[in-house]
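To start, the structure itself, in structure tokens.
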Amino acid sequence: MAVLTEEQTMLRDMAREWADNESPVTAFRKMRDAAPAAFYDAAAWQAQGEMGWAGILVPEARGGAGMGYLSLGLVLEQLGRTLAATPLAATAAATSALILGGSEAQQAEWLPRIAAGDVVAALATDEGPRFAPDKIATIVEGGKLSGTKEFVAEGDSAHLFVVAATDGLYLVSGDEGVTRSPRKLTDSRSHAQIRFDGAPAEKLEGGTDLLTQVTDRAAAALCAEMLGMAEAAFAQTNDYLKTRVQFGQVLASFQALQHRMAKMFTELELMRSVVEGALEAIDSGRANVSQEVSLAKAVSGETLHLVSREMVQLHGGIGMTDEHDAGFTLKRARVLEAMWGNAAWHRERFAQLNGY
Amino acid sequence: MATAPEIDAPTDPLEGFRAHAREWLGAHFPPSLKGKDNAMSAVEGPHENSSEEDAWQAAMGEKGWGVPTWPKEYGGGGLSRAEARVLQEEMARIGAWNPIGGMGVMMFGPTLLEYGSEEQKREHIPAIAKGTVRWCQGYSEPGAGSDLASLQCFAEDRGDHYVVNGQKTWTSGGQWADKCFMLVRTDKTKKHEGITFVLCDMDTPGVEVKPIRLISGSSPFCETFFTDVKVPKANRVGQEGEGWTIGKRLLQHERSSLSGGGSTAGRMFSGAPLGQLAKKYVGVDEQGRIADADLRGRIVRHDMDMRAFMLTLRRASLEAKSNQGPSAATSIMKNVGARIMQERSELLIEIRGLAGLGWEGEGFEADALKDVRSWLFGKAVSIYGGSSEIQNNVIAKRILGMLDHQ
């Protein structure tokens, strides 16, 4: 566990308590079954806004808490534990873009509303099903943006889009020239195709480098959610092995299973270190953020994959049923692994950054 | 000195049968059904057959070739194993497939032929051979999965019949089955020796079926509840308390069909080659290779694993045919097959990125949606029919002679 300030410890404990009590996995199940058009839990999002979580990254001068990425990660980790379905991670990614590249006027317009939880924002970069920041064809001419973005998280409901075009990032607000088509993925969360057809757009400062900075922050935030998911899946599996009896013994007494749990526990410890390392690298403005993020996303992808697969296998038949929660983790894990670069993509970037 | 006809006689003793099979198949298999085999049909619900499908099933049922090696007197084909292989080859040659299958063919029939009474065989085998009666398996219970012998579903002796109370789970195709072969407890004081094998009509009052929704969506699996269900003693197979022996024999048939002869394995790995799909979704580098070197390496490793598996299947089958007895390699088949199938599913999803994780609705290719459901459903392969952990225990204890352990 990273060394936390008193403020961060309070934030983490509060988030954990809120997730356990107010947004347990049953709330996610309810949202999935109700399938609202926005594909998130509106009441939970409102509560998060009231608690100030949407403003964790927003500077105090703009109505936020200015606490940084490790703090955001602490909250996302707790939400990952119970699969809380809200647009917090997507909004945070877009917030990063505004903080890093927004003009005085743009920040003044958007950040206070984001901090208050009144705005759902989304980062729209990819134009295909795989993360490919070098393949962007969206263009802006005379302040009008045109292009098609695929699988935009929270795209179904976003009020503000941060859109990658050939020459940098742009803000698109409102629905003029914007067409949304829902894409139902296996995790039952919001991922929409967004077509921009001459949508009024305002440029952010920072050119194409800004895209790398922002997607790195988006990936680091997802890693925190993945850490929470892996942690919860592991704990639930461990509990199950201690109660399920076969051949007159609890499964937890079989050495073959004990060793598998021990291996997973080991991997989880490594995962926690790299995820916290990436978040801290961002907060302290280190030069090697991309490298730390690639390390974190590659390890997180592999570890969550291992833990979610083992969760199903070790639960046996019950883990295969929709009635059980194991499937939720398995499905969401795969989606998060694919977002903002999967393990293979990040291993390759890590190799390039290190001159291999 | 040999006479002329003897010298000209075919050297292959099966040539006559091959000619007969070829002629018969040519006359009865409708070419329009070529390649329309459905691997899932055995556990899927009844659907409207075309008149051609009906005719094909009727012809094969009449001929007994759906169950080619079963005795003719009960409606089987009465063929030798060698003849059955020739039939298989001739069917494959013209894209024909066996319209008769399911649990009755794979598991129950062979077991009943071995352990059933004459009356039971005459009653049940011909209908299985014709594919007119669907069977389901009442084995697993919520508290009896890997440890099947701890089952609790109880059959109380009432003279000429039993009264069954309890619950079964993972009843494949239970909602469409006509009959159920099941293991029940007739003695609570003994574990293995207290189990009896009985047959139950699914429309008996007190039998209730509830389909189980899986992580992949709706499924052929059910929970089956028995409340004061009357089962005539005439429906008992073997003696009371003999059920574990009979039931285990049936599981051997199940395992050999799950671990797959070549045809199951062939189906498992059907679909677009991973390499082609990766080139489409990931692109190629300047030398025409899959652009993502890491993914390329993993696809190659998978491909090599799969080839090693197929060669092992072939070796085991050749060793078995040459009467060297079952190869030790057959014990690893289920685990290797499950692992490779699951890895393939994972790769299929990874290659397509988020387009490979669609659940339903617009924006996805039909193949991709199918592969997502197979990926999720495929997680069961290492759990059912003896989980990978159980198979490893069997290998360690029975083959490697290692000690019983915790």
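Rule-based calculations on the coordinates, nothing more; no lab input. As the structure is a prediction and not an experimental result, all values here were calculated from the model. Please note: Cβ atoms are built from the backbone with ideal geometry, for glycine as well, and neighbour counts cover all protein chains shown.
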Taking a straight Cα-to-Cα line shorter than 14 Å from B:Lys321, and setting aside same-chain aspartates and glutamates fewer than 8 residues away, one finds B:Glu83
Percent relative contact order for chain A, counting Cα pairs under 8 Å at least six residues apart, stands at 16
Computed over region A:301-356, the relative contact order (Cα-Cα under 8 Å, seq sep at least six) in percent reads 34
Simple SL model, points at 7 angstrom along Cα→Cβ for B:Glu286 and B:Ser80; separation in nm is 6.4
Dividing the helical contributions, -39500 (n - 2.57) per DSSP H run of n ≥ 4, by the residues of chain A yields a 222 nm value, nearest 500 deg cm²/dmol, of -18000 deg cm²/dmol
For B:Asp187, the net charge from surrounding residues (Cβ-Cβ under 12 Å; K, R +1; D, E -1) works out to -1
The rounded separation in angstrom of the Cα centers of region A:1-64 and region A:264-293 is 22
GNM on chain B, Cα springs under 10 Å; top mean-square fluctuation among B:Tyr115, B:Tyr74, B:Tyr281 goes to B:Tyr281
From DSSP H assignment alone, runs of 4+ in chain B each adding -39500 (n - 2.57), the sum over residues rounded to the nearest 500 puts [θ] at 222 nm at -13000 deg cm²/dmol
Neighbours of A:Arg260 by Cβ distance under 10 Å: Lys/Arg at +1, Asp/Glu at -1, summed charge -1
Cα-Cα longer than 19 Å, checked against A:Lys331/B:Lys370; B:Lys210/B:Lys233; A:Lys331/B:Lys168; A:Lys184/B:Lys36; A:Lys135/B:Lys279, kept in input order, equals B:Lys210/B:Lys233; A:Lys331/B:Lys168; A:Lys184/B:Lys36
Toy charge model, Lys and Arg Cβ at +1, Asp and Glu Cβ at -1: region A:311-356 dipole around Cα centroid in debye, rounded to 20, equals 260
Along region B:285-300, Karplus-curve 3J(HN,Hα) (6.51, -1.76, 1.60; θ = phi - 60°) to the nearest Hz, with x for Gly and Pro, reads 8, 5, 9, x, 8, 3, 4, 8, 5, 5, 5, 4, x, 6, 5, 4
Checking rank on A:284-297, B:95-108, A:68-81, B:147-160, with mean other Cβ inside 10 Å and highest first, the result is A:68-81, B:95-108, A:284-297, B:147-160
Phi angles of region B:60-65, converted by Karplus (6.51 cos²θ - 1.76 cosθ + 1.60, θ = phi - 60°) into ³J(HN,Hα) in whole Hz with x for Gly and Pro, give 5, x, 5, 6, x, 7
Expected max-MSF residue from B:Thr69, B:Thr189, B:Thr169 in the GNM of chain B (alpha carbon, under 10 Å) is B:Thr189
Other residues with Cβ under 13 Å from the Cβ of A:Thr26 give, with Lys and Arg +1 and Asp and Glu -1, a net charge of -3
Phi angles of region A:321-336, converted by Karplus (6.51 cos²θ - 1.76 cosθ + 1.60, θ = phi - 60°) into ³J(HN,Hα) in whole Hz with x for Gly and Pro, give 8, 5, 5, 8, 7, 4, x, 4, 5, 4, 6, 5, 4, 5, 5, 5
Highest GNM mean-square fluctuation among B:Gly243, B:Gly361, B:Gly78, for chain B with Cα springs under 10 Å, belongs to B:Gly361
Restricting to aspartates and glutamates and to Cα separations under 15 Å from B:Lys334, and discarding same-chain partners fewer than 8 apart, the set is B:Glu254, B:Asp305, B:Glu343, B:Glu389
Note to self: C-alpha centroids of region A:171-217 and region B:158-184 sit apart, in Å, by 56
Listed by chain and number, the residues whose amide H is under 5 Å from that of B:His161, excluding neighbours fewer than 5 places away on the same chain and using placed H, are B:Lys233
With +1 at each Lys and Arg Cβ and -1 at each Asp and Glu Cβ, the charge dipole magnitude of the protein assembly as shown around its Cα centre, to the nearest 20 debye, comes out at 2020
The rounded separation in angstrom of the Cα centers of region A:65-135 and region B:301-374 is 40
Straight-line reach check, A:Lys144, cutoff 19 Å on alpha carbons, 8 or more apart in-chain or any other chain, hits among aspartates and glutamates -> A:Asp126, A:Glu127, A:Asp167, A:Asp175, A:Glu176, A:Asp197, A:Glu202, A:Glu205
